[in-house]
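See structure below.
The values are calculated or read from the model by the stated rules, or taken from the named source; none is laboratory data. Model, not experiment: these values are computed from the prediction. Here the Cβ positions follow ideal geometry from the backbone for every residue, glycine too, while neighbour counts run over all protein chains shown.
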Amino acid sequence: MKLKGKSAIIHGAGSSVGKAIALTLAREGADVLLNDTDADAVKAAGSEVEALGRKAVVTTEDPVARENADKIIKAALDAFGKVDIMVNCPDVSDDSKLVKMEDEQWDKVIDGNVKAVFHMYQAIAATVKAQASGKFVNLTSVAGIAGSAKQTNYSAAKAAIIGFTKTMAKEWNRFSANVNAVAMGVIDTSSKPALGKRQRGQYAAQSVRTATTSEGTPQDVANVVLFLVSDDSNYVTGQTIVVDGGLYV
Amino acid sequence: MGRLNGKVAVITGSGRGIGQGIAVKFAQEGAAVVVCDLDAGPAQETVDMIKNAGGKVALCTGDVTKREDAEKIIKTALDEFGGIDTLVNNAGITMDAILHKMSEKQWDIVVDVSLKGSFLMSRAAAPHIKERGGGTIINFASVAGLMGNPGQTNYSSAKAGNVGLTLSMARELAGDNIRVNVIAPGFINTRMTQEKKEGDTLGIPKELRDAAIAAIPLKRPGEPEDLANMVLFLCSDEGNYLTGQVINMDGGLYMKRFM
C-alpha cells in the first residue's frame, strides 16, 4: 500500500471523480475526510470508504465561505491528528454564451471553483507549516487549457486554478509540500455527465485524437491523483498533468 | 495613413502606464479612443496628451467591476464615435500577500478588477463589435499567471484566468469575426515596477528589482511602448489571422516550452 498511515481531505468527494479518488486513496491505506455540499452523495461515498476498512469523516460544508473551510480542516485534524494530503475537485459549471451570461453565473463558477480552493489552502496553511510536508492536488479541466465555447466562466476558473497551483508550489516549496494540478478531458461520469452531446462533438472536432477513442473513467483520473499524492512523485511540483486520452496533443 | 484609421477603440485602465501607452499609440495610428480609468485625474491627462497631438478621444471614468459602468463605457464609444471595433482589457491591480496573510478583500479586489472586469467589458462590447462586421478584443495575462509568483495567489489566479477566458471567447466569437488574444507582459517599466524609494507606496526595492532584471534574458525591463506595439499589431489588419493566442512580451523571461 502506498499511503499506509496517511490521512487525506477530498473536497468535492460527492462527484464521481471525487469518489473514485477517495476510494483509491482509501484502498492504498489512507483515512479520508470527504466533503461535498451534496450530502447524500458524499455520505454514500463515505460509507464505501468505511467498507474498505478505513476511517471516513463526512462533512457537507461549502468552502466558498472561509469559516466553512476552517470547519473542514478542523474536522480532519480532530479525527486524524494530521493531514498529509488534500485534493480539491469542485466542479461548478453554469454554461451560457458570453453575451447571455449573467453576473450570477460568472460569480458562482469563479467562486465555487477558485475562491473555495483558495480558502481551503488558507485554512490548512498553519498545519502545513507546522508539519513541513504535504501533498496537494487541484483538479482542473482541459477547458481551462484549450477554451470551450459557452464556458467563459468555467474556462476562466479552470485556467485560474493552474496559475494558483504554480504560485502555491512556489510559496510552499519551503514547507516541502508538493502542489500539482490534474486537468481532466472528457470523463464518463454516469451520475452527472461531464459534457453534453453537443460539447462532446465540439471537443471531438477541435482535437486530433491519438491514444484512445473512448471517454476516460473517473478511475483514470484517480490513478494520476494517486501518483501525485504518493512518495512516487516527490520531485514533481507546480505541474498540470493532462488526463484526456490524447484529446489535445 | 494610420494603421487604425476609422477604427474605434476602448482601452481600460488607460490613465497611466501601459494603458496610457496603448491609448496614445492607437490615437497616433488614427483610431478614435475612449480613455477610461477609475481615476479621473490621470484619465484626463491621457485625454490631453491625445488631444494636444490632434487625435480623436473621449473620456469615461468608471469601475470595470460594475456591470452598469462597463455598459456606460461601451456606450460612450457608441455615442461619441458611432460604434466600437476594438476593446483592450488592460485594467488590472496587484495587492500582494503570502497566502496565509491574504485577506478576502485582497482576493476579491484583484480577481474582480483583473478577471471579472475583462468578462463584464467583453460581454458589453461583443454585440457591438459584431455589428461592425468584426473586430478585436485584447485581454491581459501576466508572466505571474503563466509561471506563478509567491505572494500573488490572487493576481496569478486572475491573470491565468484571463488565458482561459480568452481561449473560450476566441472560440465563441470567431463566428462573428471577432479575434481575441491575450498578452502576457513580463517586467515592464511602470509606477508599479519603479525603484521604490523611501516614502513610496508603489515600486520594488532596488535589490529585488536588480535581481528581477538580471533574470531576464534581454537584461532590461520592457517599456509600455513595447506592449503598445504588440497590441497595435494584433488589432491592426496585420494581425488578421491571429486569434486565441497567448503572446508573451517579457524579454524572454518565460520562454515557451515545447511539450
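If the condition is being surrounded by fewer than 18 Cβ atoms within 10 Å (Cβ to Cβ) and either β-branched (Val, Ile, Thr) or within 14 Å of chain A (Cβ to nearest Cβ) (or both), then the range B:62-79 contributes B:66, B:67, B:68, B:71. Listed by position, the helices (runs of 4 or more DSSP H) contained in the range B:152-241 that have at least 1 residues being more than 14 Å from the chain's Cα centre (by Cα) and touching a residue at least 12 places away in the same chain (Cβ under 8 Å) are B:153-173, B:206-214.
With the structure loaded, tell me whether residue A:160 is touching a Pro at 6+ places or on another chain (Cβ under 8 Å) and either in contact (Cβ under 8 Å) with a residue 24 or more places away in the chain or within 12 Å of another protein chain (Cβ to nearest Cβ) (or both) or whether it fails that test. Against the criterion (touching a Pro at 6+ places or on another chain (Cβ under 8 Å) and either in contact (Cβ under 8 Å) with a residue 24 or more places away in the chain or within 12 Å of another protein chain (Cβ to nearest Cβ) (or both)), residue A:160 does not qualify. Using the structure shown, decide if residue B:94 is among the β-branched types (Val, Ile, Thr) and in a loop (DSSP other than H, G, I, E, B). Judged against the criteria, residue B:94 is a match.
Only one of the numbered conditions (1) closer than 24 Å to residue B:188 by Cα; (2) modelled with pLDDT of 95 or more is violated by residue B:16, and that is (2).
Is there a residue being within 16 Å of the chain's Cα centre (by Cα), aliphatic (A, V, I, L, M), within 12 Å of another protein chain (Cβ to nearest Cβ) and surrounded by fewer than 24 Cβ atoms within 10 Å (Cβ to Cβ) anywhere in the range B:123-135? No: the range B:123-135 contains no residue that is within 16 Å of the chain's Cα centre (by Cα), aliphatic (A, V, I, L, M), within 12 Å of another protein chain (Cβ to nearest Cβ) and surrounded by fewer than 24 Cβ atoms within 10 Å (Cβ to Cβ). The numbered conditions (1) surrounded by 17 or more Cβ atoms within 10 Å (Cβ to Cβ); (2) among the small types (Gly, Ala, Ser); (3) assigned to a loop (DSSP other than H, G, I, E, B) are all true for residue A:26 except (3).
One residue stands out among those in the range A:1-23 that are of a type in the set (Lys, Arg) and part of a loop (DSSP other than H, G, I, E, B): the one that is nearest to residue A:188 (Cα to Cα), which is A:2. The number of residues in the range B:140-184 being more than 7 Å from every other protein chain (Cβ to nearest Cβ) and hydroxyl-bearing (Ser, Thr, Tyr) comes to 3.
Residue by residue, here is whether (1) in contact with a Ser or Thr (Cβ under 7 Å, 6 or more places away or on another chain); (2) of a type in the set (A, V, I, L, M); (3) buried (at least 22 other Cβ atoms within 10 Å of the Cβ) holds:
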residue	(1), (2), (3)
A:100	no, no, no
A:107	no, no, no
A:119	no, no, yes
A:129	no, no, no
A:139	no, yes, yes
A:150	yes, no, no
A:154	yes, no, yes
A:170	no, no, no
A:176	yes, no, no
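Residues in the range A:129-145 that are at the interface with chain B (Cβ under 9 Å from one of its Cβ atoms) and within 17 Å of residue B:98 (Cβ to Cβ): A:129 only.
Look at residue B:117 and say whether it is surrounded by 24 or more Cβ atoms within 10 Å (Cβ to Cβ), within 16 Å of the chain's Cα centre (by Cα) and not β-branched (Val, Ile, Thr). Considered against the rule, which asks whether it is surrounded by 24 or more Cβ atoms within 10 Å (Cβ to Cβ), within 16 Å of the chain's Cα centre (by Cα) and not β-branched (Val, Ile, Thr), residue B:117 comes out as yes. Of the residues B:96, B:112, the single one that is closer than 25 Å to residue A:65 by Cβ, of a type outside the set (Val, Ile, Thr), more than 14 Å from the chain's Cα centre (by Cα) and modelled with pLDDT under 95 is B:96.
Scanning the range A:29-48 for residues that are farther than 20 Å from residue A:74 by Cα and crowded, with 24+ Cβ neighbours inside 10 Å gives a single hit, A:45. Annotation: of all residues in the range A:29-64 being outside any helix (DSSP H, G or I) and β-branched (Val, Ile, Thr), the one that is nearest to residue A:84 (Cα to Cα) is A:32. Of all residues in the range B:80-112, those satisfying the criterion of being under 30 Å from residue A:129 (Cβ atoms), of a type in the set (A, V, I, L, M, F, W, C) and within 13 Å of another protein chain (Cβ to nearest Cβ) are B:97, B:98, B:99, B:102, B:107, B:109, B:110, B:111.
Out of B:66, B:56, I need the residue that is among the charged types (D, E, K, R), closer than 26 Å to residue B:157 by Cα and modelled with pLDDT of 95 or more. Which one? On inspection, the qualifying residue turns out to be B:66.
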